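For reference, the structure discussed in these notes is given below.
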Amino acid sequence: MSKKELLSKIGLRLDGRRAHELRRIRCKLGVFTEPDGSAYMEQGLTKVLAAVYGPHQVRGSKSKAHHDNCLINCQFSMAVFSTTDRKKRPRGDRKSTELSMHLQQALESVIKTELYPWSQIDVYVEVLHADGGIYPTCVNAATLALIDAGIPIKEYVCACTASLANNDVPMVDISHQEEVMGGPTLTIAALPMSGKIVLMEMSQRFHLDHLDKVMNKALQGCKDIRQILDAAVRLHVRDIGSATGWALTSYNE
Amino acid sequence: MFTTKTFIKKTRIGHFLKHVREHYIRDDISCGFKSCEKCQPVESFLSPDHHNKCSLFNYNHYIILDTNVILDQLDVLEEAPIGNVIILHTVLTEVKHRSLPIYKKLFTLIENPSKHYYIFTNDHHKDTYIEQLDGELVNDYNDRCIRKACSWYMEHLPNEKFILLTEDADNRNIANEEGITACSIFPYVKHMNDNAVLEDKLSRKEIYLDKDAKDLFPPHLNNVELLTGIKEGTLYQGTFRASRDNFLEGYVSVEALEDQVLVQGRAGLNRAVDGDVVVVELFDKSDWISPSEIILEDEGGVEDVKDIEQKEKELKETATKKKGEIKPTGKVVGIIRRKWRQYCGILQGGLEGVYQLFVPADRSIPKIRIETRQAEFLKTQKLIVTIDSWPRYSRYPHGHFVRALGKIGDQTTENEVILLEHDVPHSQFSEEVLSCLPKLPWIITDDDVQKRVDLRDLDICSVDPPGCTDIDDALHCREVGDHLEVGVHIADVSHFIRPGTALDLEAQSRGTTVYLVNNRIDMVPDLLSSNLCSLRGGEERFAFSCIWEIDKNANILNTRFHKSIIKSKVAMTYEEAQMTIDDKSKNDNIAKSLRYLNMLAKILKKRRLENGALVLASPEVKIMMDSETMEPLDIEVKKMFQTMSMVEEFMLLANISVAEKILQDFPECACLRRHPVPPSSNFDPLIKAGRHLGLEIKIDSGKDLAKSLDDAVKPDNPYLNTMLRILATRCMLQAVYFASGTLQKEDYFHYGLAVPLYTHFTSPIRRYADIIVHRLLAVSCGADATYAVLLDKSKTNEICQNLNYRNRMAQYAGRASIAFNTHLFFKGKLQDEQGYILYVRKNALQVLIPRYGLESTLYLARKGESSNIFEYNEEDQTQRAKDVVLHAFDPVKVRLSLNSDNIQHEKFVLQLVSPFIEGFSVPPIEEMDTSCEPTNDSGKKRKSTGDEKKNKNKKSPKNKN
Ligand SMILES: [Zn+2]
């Protein structure tokens, strides 16, 4: 029994959650008017803003444009005040570039890009506060912003982390404190309805014996997140709809 | 529900960082009462059938504990019939933060169903969580949380009664004002039924008997003063080590200083106890002195200070400033961390009343004052006591009685003491562990046969010491074409002990089987160690085989490993195997096999020695026990047979082959064994001893040393060579286990065996390291799967550290057991024995008596006695008396008897018989008349003799490495 105990004997994590519980999620669509779509997403204390512009003509060099589908341009940044230590550069460092690419990979898997040849969609995400699980929150926020922008997608793409407590029990949605204290963290981005995994990343090596259960946990996390996002989208639609009057028919509870 | 916790932390470089963490508040936390309908049902040991009986409260009640009660009074909680205890999560966190050992102990209490404990997670419960106020101290906040939880329980379950036990008077007062029943543990325990024993166990931390008592010690500086002093370089932090011979002297090893700091007297030691981390202040250089050479023993009674004052005076008078021996001198001014633990010992006789003095068996620990109502009983017992506090006015630290181990002098009691003092886990295997064992009857299934190589037809046999029931190795050898096939078959323990099970964790924690003279403390339950894993003759068993193809010049042509099923044809003793080899009329397969093995072993051994492997020696004895009375009948030196060396050679070969294989497949996490090269200064005594004999001992490499030792032979003293080897053994460092990824390749070297790689593979029944190695090898040859911890080098290294510790302790425990039985054997005996002088000292000779494998001191002059007829020559290391000169390694005849004046520290007394020196030697026993009673040279004022320090109690010599 070391001082590091991610899951206490009574089955509670350091912040009082159980192993299968997500952090509190709060999200809102349409937080800005300027972009075509936007969303704000909070997972625990990790807070992310996402904005979507497009589809529009390819800016800059035309040679980048694709004749059969649209270009997804993702840009990831972190506010200088987002971590306990002040960050020196908000974007452009290696980690940001990598996260931008991973985000692009996740979004390309759901956007019906073939509908927009020769065009481009820009997705900007900014981390306002980082407390573990930055990438999943960005993916989830971007999904909402795409929906807000009205861009056709095949289904939600959700992301979630999972890790192993006390070398045995898988736990979902890892906080910063748990990331620092614990072992390897598994991040996956998935299409929860079809169960497809579009991106998977590990912070360290996992033993093969543990991989399955941790991955299943993360996948379950994605499914749970989808439900929450779905509810938020429906609520948003109802709010907008009620403002215009047409939604009343379908939501007259 | 959701809230955040904010706190500000200062980083190392002096930046202030604000940390914000989430804190979830839940509505699904249960109160733990089965009868409660408001909460969700939850596993809880709280039971309406248990009743806490305390005459202060004439109703049944549940108890809520404050942190201070748990930290100070765990011994009482463990013992007392106090149940239905609610542990608040706030309290649990605080206990964990303050003391990890106590936290662990608390958890065993919580997990014990018969104690009826329940953890209530008050800090995540929606009704009991409260926020810390601005500027509120953590302690006050925690107290408030505890009270909040108490009142919640009272409200939640109005039909039950709750009592808060706390030692904090303020907390108690506020609680009472808020309508919570609060009580201190002292009156509570005093008013419990049958409290006589319990009251003894209350920790005496906060008792002030007499406020006017005169202070006997200077005060300690407070923490801030200490830290400032250390930072400014005026004070030094170090570990305090008490002298075993002089209770008013000790040393502080400071990392920053080359020499240890000498501290003397009451004011100098200032309540430091052996092992404590203390802070010292150095005196002016002009006041530095050399260590005292007198032996002072604490002979004081409970409150008496006269004795100590007189001894301090004596110490001062004898203080010397010997050139070259002057040490930095100082005084202890404060304590950073106490390293108090539980101590074994006895009560000092001759004291009346409830206050008694406890004398620890470890002489570096001061006597401890305890309060007990059962002194008369305890005086007959060995007991365990722990220290609680050491106030300035008290001559002795205050402690409390923990438990009695049994009658002084009993075999069982002494075994228990040996096991406890060496931290050997020896409780019965738990139900959980036993449930991991295979069910009987155990049968070999077709599936097993398919997965293993069937070697049941081979003529395999095992060779072990007589009476061995945990047989972990067996051998075979047969002709294959021009070559020979040799197999070493090791019990397949890892088949039965699966990683991560309770059985595995228990074996891992025990680390090794411990052999005492009349008792074996198994690493794994008996069913495995003496039955299913033991490769008994005529029984089908699972084995892990290492098989070589070897030519007749003992060159290995190829090696293979696989799991197998074997049927050992016969389990032999070394002697039987030797007789089989020697008996020319025997020509069966076993005899042939043994002869081949013996032939190969001789070549292997010769080659090994040529490479620089060391042949070391330590006197090994065997104690013959009377099987009925369990008393030692006789002590004899272990007999040596060629077959011992034969088995040893093949075990070494197997270990080396396996080490190469697992390192190749697991470069990072192979569990290996290394024997570090000793620093050359370690060899000084050996070189010196050699020089006086006119022998040059070279130590530049193991090979040089081995050669020097081989050459060191003098025909007039056949035992000389053995003694040099005994000395050489003492220059060595301990061999240790390690994970390959944690060290550089050069450091893998095994000095004693002169091999670059080594591990332990051949004794998995009694060593856990071998189990890890088996698992790695099983993965290597595709017989088993890996698991996470196996591939984690830091985890492997952590396990290795524990194994090294357990091994060392097992070795010491074994020696202590032999020492105790040797003492028992010599009680009331008087014997003349042949001995050899090992060292010549200023006032004594260190004599080795090979027949009993013991080493003791022959004093040439008593302390303070001027009439020393011996003349010491430091240059030549000799003692001269008239025309007799005694050199190191000279044979002598000595009279051996046991001095039992001090029942905790019996020691041997030696008297010289021959060479005869007028006025010093005693006549041989045969010529002695009745008036020549053995004078009890009151050992009281003498140095520890370190009796038979080097006795070993090993199963067989093949385990030396
Ligand atoms: Zn309840």
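The values are calculated or read from the model by the stated rules, or taken from the named source; none is laboratory data. The model shown is predicted, which means the values in this text are computed figures rather than measured ones. All Cβ positions, even for glycine, are placed from backbone atoms using ideal geometry, and neighbour counts span all protein chains on display. To get the accessible areas, we keep the full protein, side chains included, count just its heavy atoms, and leave off ligands, DNA and RNA. Shrake-Rupley method; radii C 1.70, N 1.55, O 1.52, S 1.80 Å.
If I model a spin label as a point 7 Å beyond the Cα along the Cα-Cβ vector, how far apart are those points for B:LYS190 and B:ASN873 in nm?
Placing both labels 7 Å beyond Cα along the Cβ direction yields 7.2 nm.
Kirkwood-based Rg over Rh for chain A (C-alpha set), two decimals? Write down the numbers at each step before the final one.
Values: Rg = 18.9 Å, Rh = 19.0 Å.
Reported Rg/Rh (Cα atoms, Kirkwood Rh): 0.99.
Relative contact order, percent, of chain B when contacts are C-alpha pairs under 8 Å separated by at least 6 residues? Write out the running numbers ahead of the final one.
Values: 1856 pairs, mean separation 74.8, N = 961.
Taking the mean separation of contacting Cα pairs over the length of chain B, I get 8 percent.
Accessible surface of B:LEU347 in the full protein assembly, 1.4 angstrom probe, to the nearest 10 Å²?
About 10 Å², ignoring ligands and nucleic acids.
Pull up all non-local amide H partners of A:VAL198: gap of 5 or more, or a different chain, and H-to-H distance under 5 Å with H placed in the peptide plane.
So A:VAL198 has HN proximity to A:ALA189, A:ALA190, A:LEU191.
Could you state how much accessible area B:GLU668 has, in square angstrom rounded to the nearest 10, with a 1.4 Å probe and all protein chains kept in place?
About 100 Å², rounded to the nearest 10.
Would you tally the net charge around B:GLN508, using a Cβ to Cβ cut-off of less than 15 Å, leaving B:GLN508 out, and scoring K and R as +1, D and E as -1? Walk me through the intermediate numbers first.
Details: positive: B:ARG498, B:ARG510, B:ARG766, B:ARG767, B:ARG775, B:LYS795, B:ARG806; negative: B:GLU432, B:ASP504, B:GLU506, B:ASP522, B:ASP770, B:ASP792, B:GLU798.
With Lys, Arg at +1 and Asp, Glu at -1, the net is 0.
Got a sec? What order do B:GLU540, B:GLU620, B:GLU416, B:GLU660 fall in by accessible area at 1.4 Å, biggest, i.e. largest, first?
Values: B:GLU540 70, B:GLU620 25, B:GLU416 45, B:GLU660 100 Å².
My answer, sorted largest first, is B:GLU660, B:GLU540, B:GLU416, B:GLU620.
Could you size up the charge dipole of the stretch B:2-200 around its Cα centre, putting +1 on the beta carbon of Lys and Arg and -1 on that of Asp and Glu, and report it in debye to the nearest 20? Before the final figure, lay out each step's value.
Details: 22 positive and 30 negative charges, 153 e Å.
That gives a dipole near 740 debye.
Suppose a student asked you for the relative contact order of the stretch B:2-200, using Cα pairs under 8 Å spaced at least 6 residues apart; what percent would you report? Working shown, then result.
Details: 307 pairs, mean separation 42.9, N = 199.
For the stretch B:2-200, the relative contact order is 22 percent.
Go through B:TRP548, B:TRP152, A:TRP118, B:TRP442 and list them by solvent-accessible area, largest first, probe radius 1.4 Å.
A:TRP118, B:TRP442, B:TRP152, B:TRP548
Around B:THR573, which amide H atoms from residues at least 5 apart in sequence, or from another chain, sit under 5 Å from its own amide H, with H modelled in the peptide plane?
B:ASP464
Using the Cα gyration tensor of chain B, with a ≥ b ≥ c the square roots of its eigenvalues, what is the shape: rounded (a/c below 1.5), prolate (a/b larger than b/c) or oblate (neither)?
Values: a/c = 1.89, a/b = 1.21, b/c = 1.56.
The shape class here is oblate.
I need the shape label for the stretch B:240-282. Rule: rounded when a/c is under 1.5, else prolate if a/b > b/c, else oblate, with a, b, c from the alpha carbon gyration tensor. Before the final figure, lay out each step's value.
On the way: a/c = 1.60, a/b = 1.49, b/c = 1.07.
Prolate, since a/c reaches 1.5 and a/b exceeds b/c.
Rounded if a/c is under 1.5, else prolate if a/b beats b/c, else oblate: with a ≥ b ≥ c from the C-alpha gyration tensor eigenvalues square-rooted, which is the stretch A:186-237?
Values: a/c = 2.95, a/b = 2.78, b/c = 1.06.
Verdict is prolate for the stretch A:186-237.
Which value in nm describes the separation of the simple spin-label points at B:PHE57 and A:GLU5, placed 7 Å from the Cα toward the beta carbon?
That separation, rounded to one decimal, is 2.6 nm.
Kindly point out which whole DSSP H helices in chain B project their C-alpha atoms 30 angstrom or further along the helix axis while averaging a Kyte-Doolittle hydropathy of 0.0 or above. Provide the component values of the computation, followed by the final result.
Details: long enough: B:589-610 (32 Å, -0.37); B:642-665 (35 Å, 0.42); B:793-826 (49 Å, -0.64).
Qualifying helices: B:642-665.
Let me spell out the model: positive unit charges on the Cβ of Lys and Arg, negative unit charges on the Cβ of Asp and Glu, origin at the Cα centre of the stretch B:679-731. What dipole size does that give, in debye rounded to 20?
Values: 8 positive and 7 negative charges, 23 e Å.
It comes to approximately 120 debye.
Please list the non-local residues whose amide H lies under 5 Å from the amide H of B:LEU838, H modeled 1.01 Å from N, same-chain partners needing a gap of 5 or more.
Residues meeting the amide H criterion: B:GLN846, B:VAL847, B:LEU848, B:PHE889.
Counting only protein heavy atoms, what percent of the accessible surface of the protein assembly as shown is carbon or sulfur at a 1.4 Å probe? Could the numbers behind the result be given before it?
Working: 27970 of 55830 Å².
Carbon and sulfur: 50 percent of the exposed surface of the protein assembly as shown.
Please give the total accessible area that chains B and A bury against each other, computed with a 1.4 Å probe and expressed in Å² to the nearest 100. Write out the running numbers ahead of the final one.
Working: alone 44940 and 13190 Å², together 55830 Å².
Adding both sides of the contact gives about 2300 Å².
Applying 1/(1 + (r/R0)^6) with R0 = 51 Å to the Cβ-Cβ distance of B:GLU37 and B:LEU434, what FRET efficiency is obtained, to the nearest 0.05? List each step's numbers first, then the result.
Working: r = 39 Å, r/R0 = 0.76.
Computed FRET efficiency for B:GLU37 and B:LEU434 comes out at 0.85.
Computed FRET efficiency, Cβ-Cβ of B:VAL453 and B:GLU696, R0 51 Å: what is it to the nearest 0.05? Could you put the intermediate results ahead of the total?
Working: r = 53 Å, r/R0 = 1.04.
The computed FRET efficiency comes out at 0.45.
What does the highest-first list of A:215-224, B:85-94, B:785-794 look like by mean Cβ count within 10 Å? Walk me through the intermediate numbers first.
On the way: A:215-224: 20.6, B:85-94: 23.0, B:785-794: 16.9.
Put in order of decreasing packing, that is B:85-94, A:215-224, B:785-794.
Given an 8 Å cut-off on Cα distances and at least 6 residues of separation, report the relative contact order of the stretch B:209-408 as a percent. Show your work: numbers first, answer last.
Details: 438 pairs, mean separation 41.6, N = 200.
So the answer I get is 21 percent.
With a 1.4 Å probe and all protein chains kept in place, how much accessible area does B:TYR393 have, in Å² rounded to the nearest 10?
40 Å²
Run the dipole for chain B about the Cα centre, Lys and Arg Cβ at +1, Asp and Glu Cβ at -1, nothing else charged, and hand back the magnitude in debye, nearest 20. Mind showing how you got there, number by number?
Numbers: 126 positive and 142 negative charges, 354 e Å.
The dipole of chain B has a size of about 1700 debye.
Please report the net charge: other residues with Cβ closer than 10 Å to the Cβ of A:ALA232, K and R +1, D and E -1. List each step's numbers first, then the result.
Values: positive: A:ARG26, A:LYS28, A:ARG234; negative: A:ASP230.
Value of the local net charge: +2.
For B:GLU746 and B:LYS214, calculate 0.36 nm times their separation in residues minus their Cα-Cα distance, and state this gained length in nm to one decimal. Intermediate values should be presented prior to the final figure.
Values: separation 532, 0.36 × 532 = 191.52 nm, distance 6.08 nm.
Stretched out fully, the B:GLU746 to B:LYS214 stretch lengthens by 185.4 nm.
Enumerate the calculated ³J(HN,Hα) couplings along the stretch A:50-60 in order (Karplus 6.51 cos²θ - 1.76 cosθ + 1.60, θ = phi - 60°), each rounded to whole Hz, writing x wherever the residue is Gly or Pro.
10, 9, 10, 10, x, x, 9, 5, 5, 8, x
What residue among B:PRO48, A:ILE25, B:VAL621 has its Cα farthest toward the positive end of the dipole of the protein assembly as shown, where the charges are +1 on Lys, Arg and -1 on Asp, Glu, each on the Cβ?
The residue sitting farthest along the positive end of the dipole is A:ILE25.
Any chance you could check the stretch A:184-212 for residues losing 40 Å² or more of accessible area when the partner protein chains are in, compared with the chain on its own (1.4 Å probe)?
A:HIS207
Do the sum for chain B: with -39,500 (n - 2.57) for every DSSP H run of n ≥ 4, divided by all residues, what is the mean residue ellipticity at 222 nm, to the nearest 500 deg cm²/dmol? The partial results should precede the final answer.
On the way: 24 runs with 273 residues, N = 961.
Rounded to the nearest 500, the figure is -8500 deg cm²/dmol.
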